[in-house]
Every structure is written in structure tokens, then in C-alpha cells.
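To start, the structure itself, in C-alpha cells.
The values are calculated or read from the model by the stated rules, or taken from the named source; none is laboratory data. Quantities reported herein were computed from a predicted structural model and do not represent experimental measurements. Positions of Cβ are backbone-derived with ideal geometry, glycine not excepted, and every protein chain shown enters the neighbour counts.
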């Protein structure tokens, strides 16, 4: 009979997510994970297989914990431009409220691993696609309601909004305050 696990795997993934989010994949050592999870290296590898496998779980956990809030704002009732402004301001507020200014783990992963890690690149791509689809659907709703010009290419505008989000999340890591980010949000919404 094997020994029972001495830790909760879900809690371990949450803790690993925090470490990877703060340090990035390459800078996170197995010892960092052992310390954060409070388990031995053997237990770490037995439970998750590798640092790489645990990173994938952590990135998926980040997606699952962060994406619903943005989707909920985009799908609320009310004027489309108001919801877009609320969504962009929400992301800015979340990033600025983080004392460690970790930014977005997905954006961080894109800048660190895209092009060198096929699995991470594909996961980031799918997350970006999901976000872009949410924006595209919002734009199409705005076109149906007359709030946004029907001639605008909703896919192109969705891509532009995704790019805006990525830029905002990078800028928030070094921003001294909300002013510049608020100007970007206002200009983005006003341009529609």
C-alpha cells in the first residue's frame, strides 16, 4: 500500500502558479517550487512529472482563474462601449493593484517562451484567440445595435483590442500611476 499524498494537488498548482507568475518559467527553479509547495523534490516530480508539466498546469489555472472576469464584463447588459471601457479599466485596475506588478502571466509567457516552446506558444495563442473572440463578439453586438459603424471589420477590431490589452498589461508593469493607461483606454473606446 502506497503512502497517501501529503499535499493537495490543487493548492500546489495554485502556489506554483504564483511562483511562475512572479519569476517566469526560466527563472523558477525546482527548489523555488519545492519551497513554495512545501513538498520534497521527489513528491514534486511524482505528482507532476516535471517543472514543465507543472508550468502548463499553472498557466491553465491562471487562464481559468482570470478569463471569466473579463468575459463576464463583456457579456453584461448595457451599452457596448461602456462594457468595453469597463473591461479595459478592470484590467488596468487589477494590474496596478498588484504590489509586485507581475502583469499578465499569459503575456509574460508570450514574451518569454513564444517561438522557443511550442506547447506554451500554442496555449498562449488559444488564450489570445479566446480574448479576441470575446472582443469580436462585442463589436458585432455593437454593430447590430447601431453603436458601432457596421462597415468596421469586427475581426480586425477584435485583434486591435487584443493588442491594446497586451500593451496595457505590459505598460502597467512599469506605470507610475493610472494616467497614461487611462488615456489609452479612453482613446481606444473613443476610436470606435
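Suppose the filter is surrounded by fewer than 16 Cβ atoms within 10 Å (Cβ to Cβ), under 13 Å from the mean Cα position of the chain (by Cα) and within 19 Å of residue 170 (Cα to Cα); does residue 111 pass it?
On the way: surrounded by fewer than 16 Cβ atoms within 10 Å (Cβ to Cβ): yes; under 13 Å from the mean Cα position of the chain (by Cα): yes; within 19 Å of residue 170 (Cα to Cα): yes.
Spelling it out, residue 111 is indeed surrounded by fewer than 16 Cβ atoms within 10 Å (Cβ to Cβ), under 13 Å from the mean Cα position of the chain (by Cα) and within 19 Å of residue 170 (Cα to Cα).
Quick one: in the range 22-51, which of the residues that are farther than 16 Å from residue 11 by Cα and not in a helix (DSSP H, G or I) is nearest to the chain's Cα centre (by Cα)?
So the residue we want is 24.
So which of 40, 2 ends up being farther than 21 Å from residue 112 by Cβ, in contact with a helix residue (DSSP H, G or I) (Cβ under 7 Å, 6 or more places away or on another chain) and modelled with pLDDT under 95? Give the steps one after another, and end with the answer.
Values: 2 fails: in contact with a helix residue (DSSP H, G or I) (Cβ under 7 Å, 6 or more places away or on another chain).
That would be 40, the only listed residue that is farther than 21 Å from residue 112 by Cβ, in contact with a helix residue (DSSP H, G or I) (Cβ under 7 Å, 6 or more places away or on another chain) and modelled with pLDDT under 95.
Kindly check whether there is at least one residue in the range 58-76 that is part of a loop (DSSP other than H, G, I, E, B) and in contact with a helix residue (DSSP H, G or I) (Cβ under 8 Å, 6 or more places away or on another chain). Spell out the reasoning first.
Of the range 58-76, the ones part of a loop (DSSP other than H, G, I, E, B) are 76.
With the extra rule that they be in contact with a helix residue (DSSP H, G or I) (Cβ under 8 Å, 6 or more places away or on another chain), the set shrinks to 76.
Among the residues of the range 58-76, at least one is part of a loop (DSSP other than H, G, I, E, B) and in contact with a helix residue (DSSP H, G or I) (Cβ under 8 Å, 6 or more places away or on another chain), which makes the answer yes.
Would it be correct to say that residue 142 is modelled with pLDDT of 95 or more, farther than 19 Å from residue 20 by Cβ and buried (at least 16 other Cβ atoms within 10 Å of the Cβ)? Outline the logic, then answer.
On the way: modelled with pLDDT of 95 or more: yes; farther than 19 Å from residue 20 by Cβ: yes; buried (at least 16 other Cβ atoms within 10 Å of the Cβ): yes.
In short, yes.
Please verify whether residue 99 is under 29 Å from residue 186 (Cβ atoms), in contact (Cβ under 8 Å) with a residue 24 or more places away in the chain, surrounded by fewer than 17 Cβ atoms within 10 Å (Cβ to Cβ) and more than 16 Å from the chain's Cα centre (by Cα), treating the condition exactly as stated.
Numbers: under 29 Å from residue 186 (Cβ atoms): yes; in contact (Cβ under 8 Å) with a residue 24 or more places away in the chain: no; surrounded by fewer than 17 Cβ atoms within 10 Å (Cβ to Cβ): yes; more than 16 Å from the chain's Cα centre (by Cα): yes.
For residue 99, the condition - under 29 Å from residue 186 (Cβ atoms), in contact (Cβ under 8 Å) with a residue 24 or more places away in the chain, surrounded by fewer than 17 Cβ atoms within 10 Å (Cβ to Cβ) and more than 16 Å from the chain's Cα centre (by Cα) - is not met.
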